[in-house]
Structure formats: C-alpha cells, structure tokens
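As structure tokens, the structure follows; a few thoughts come after it.
FYI, it's all coordinate maths here, none of it is from the lab. Source: prediction; values computed, not measured. Counting neighbours? That spans all protein chains shown, and the Cβs are built from the backbone with ideal geometry, glycine included.
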Amino acid sequence: MEEPKVPRHVAIIMDGNGRWAQRRNLTRAEGHRAGMAALRRVVEACDKLGIEVLTVYGFSTENWKRPRSEVTVLMDLLLEWIRKERDELIQRNIQVRVIGGPGRLPPRTRQELDELVSATSGNTGHVLCLALNYGGRRDITEAARRLGERVRRGAMDPADIDESAVAGELMTAGLPDPDLLIRPSGEMRVSNFLLWQMAYAELWFTPVLWPDFGAEQLEEAIRVYQSRDRRYGGLREEEP
Ligand code: FPP
C-alpha cells in the first residue's frame with residue numbers, strides 16, 4: 001500500500017496565548033512567550049516530519065487594534081525570537097520567508113528580520129513562512145492592483161488574467177497552497193488568513209491552546225488529514 005502522504009504545506013493560526021495565560025493567572029505577555037516556545041517545538045516537529053512549508057500567523061492586519069502595550073510586547077518578542085532562533089534556523093537549513101507588510105514593524109525588528117531572511121535565503125530545507133501584519137484580503141487586493149498596473153502599462157492583456165496570474169502576484173508566490181490549516185484554541189474561523197490559498201485546504205480545529213501545542217497535536221492533525229478524502233470537487237477514485 002502507498003505510504004500516507006504528509007501535507008506539503010501546513011498553515012497555523014497560533015491562537016489562545018491570552019487564554020492560556022489567564023487560566024494560570026499570568027500576564028498576556030507570558031502567554032505570548034509560551035506561544036513562542038510552542039512555535040519552536042512545531043518548527044522542529046515539521047522539520048522531522050518532512051513538511052516542506054510551515055506558515056504561521058504571527059500578527060494580523062487587525063492585531064494593531066490591540067492595546068499599544070500588547071503590540072509592543074509582541075514586537076519585542078518577535079525580535080527576541082529572531083535573535084534566539086537565527087543560528088539554529090541557519091544550521092537546520094530552514095529558509096525563512098515573510099508575508100504581510102513587515103514595513104510597519106519597528107525599524108530594528110524589520111532590519112533583523114530582513115537579515116534573517118537574507119541569511120537563510122539560500123537554504124534548501126523546509127520553508128518557515130512568517131505572516132506578519134498579514135491579511136488575506138489585502139494580499140488579494142494588492143495582487144489585483146499589480147495586475148491592473150501591468151494592464152495599464154500595456155504589458156498584459158486582461159484576457160490573460162487567470163488563476164495562475166493571480167496566484168503569481170500573491171505574497172506566497174512560488175509556494176504550494178496549504179494542504180492543512182490548523183487552528184488551536186477552539187475558534188473555528190479562518191480570520192482573514194490565506195483566503196485565496198486555502199481554497200482546498202483541509203481544516204483541523206482543536207481546543208488545545210497554542211502554548212500547549214506541540215509535536216503530539218501536529219501528528220494528530222496529520223493523521224486526521226491523512227484519513228480525509230481530498231476530492232477537489234471531483235468524485236472518489238472508485239466512484240464511476
Ligand atoms: C493569538 O493569541 C496570538 C497572537 C496574536 C500572536 C502570536 C504570537 C506568538 C506565538 C509569539 C511568537 C511570535 C512570533 C512571530 C515569533 P491571542 O492573544 O489572540 O489569544 P487569546 O485569543 O486567548 O487572547
């Protein structure tokens with residue numbers, strides 16, 4: 001029998017840090033710090049399982065609405081994460097990519113993030129894609145605008161705007177679409193994550209909060225994924 005396939009691309013909405021902290025009478029900052037530790041475990045597990053791409057939602061375009069103090073905590077943690085993980089990411093041959101609008105991040109964070117992206121750009125192992133200041137609708141809107149500009153310049157015929165032309169302008173251009181979306185913490189929403197790219201993703205939700213997430217939950221999600229029958233709108237193979 002054929003070996004069950006691991007998903008090529010796993011996308012995760014890292015949710016529940018605040019509730020995890022609240023249940024322990026800890027600060028939200030401590031919850032996010034525990035979330036950062038979970039990210040480390042999951043990156044390692046993905047590497048071991050041979051998952052080609054892991055995309056994590058670290059900060060959405062809507063997260064700016066949070067109190068300034070929490071936004072600062074998240075930005076500081078991101079900088080701390082970059083500094084802590086840099087050497088290991090390089091050594092593990094992981095390529096770091098960023099989607100979203102990193103331009104709005106604090107200058108220091110942006111600079112070190114750019115450095116991390118270039119330091120790992122030649123890596124040939126799995127891709128860790130960080131969605132920072134990312135919004136799915138904005139991704140599609142900006143792709144549409146770029147295509148419109150090409151048409152205006154006379155470099156493209158509107159009749160040539162097809163799905164692959166749109167996909168090629170998205171921030172994830174060149175990456176396979178996510179096969180599996182994981183959302184911990186019991187929420188069952190896609191929250192403006194990879195809207196176009198998730199058209200055929202399998203969705204898996206768990207009540208486990210992100211800071212408690214690890215290899216065990218990832219493996220469970222993959223087992224469920226492998227038991228699903230992905231038909232992409234067609235019929236099962238044995239059906240006439
Ligand atoms: C959602 O939990 C989580 C976030 C908004 C941020 C995720 C950040 C981390 C995991 C820290 C490390 C990040 C990076 C990119 C290195 P929530 O605060 O919405 O939880 P709640 O719904 O329980 O309040």
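Here are a few things to note about the model shown:
- Only aspartates and glutamates eight or more places from K48 in sequence, or on another chain, were considered; those with a Cα closer than 12 Å are E219.
- A quarter of the convex hull surface defined by the alpha-carbon atoms of the chain gives 15.7 nm² as the mean projection.
- When both the stretch 175-240 and the stretch 48-82 are represented by their alpha-carbon centers, they are found 20 Å apart.
- Length released on extending from N93 to R152, taking residue separation times 0.36 nm less the Cα-Cα span: 17.1 nm
- Overall, the anisotropy analysis places the stretch 40-155 in the oblate class: the square-rooted eigenvalues a ≥ b ≥ c of its C-alpha gyration tensor yield a/c not less than 1.5, with a/b not exceeding b/c.
- Were the residues from R145 through E187 laid out at 0.36 nm apart, the gain over their Cα-Cα distance would be 11.9 nm.
- Dipole of the stretch 186-240, positive direction: furthest Cα of W204, S191, S227, with charges on the beta-carbon: S191
- Given 16 as the ceiling on other Cβ atoms within 10 Å, longest exposed-site-free region of the chain for GluC sites (Glu not before Pro) in DSSP loops: 63-186
- Charge dipole magnitude, Cβ of K and R +1, D and E -1 - the stretch 129-240, Cα centre, debye nearest 20: 560 debye
- D_trans [Stokes-Einstein, Kirkwood Rh over alpha-carbon pairs] for the stretch 1-81, 4 °C, 1.567 mPa s, µm² s⁻¹: 91 µm²/s
- Annotation: aspartates and glutamates with alpha-carbon distance below 19 angstrom to K84 (same-chain offsets under eight excluded): E30, E44, D47, D76, E112, D114, E115.
- Förster radius 35 Å - calculated FRET efficiency between R137 and D76 (Cβ-Cβ, nearest 0.05): 0.80
- Cβ-derived FRET efficiency at R0 25 Å, D47 paired with Q22, nearest 0.05: 0.20
- Under a Gaussian network description of the chain, with springs only between Cα atoms under 10 Å, the residue in M156, M14, M198 that fluctuates furthest is M156.
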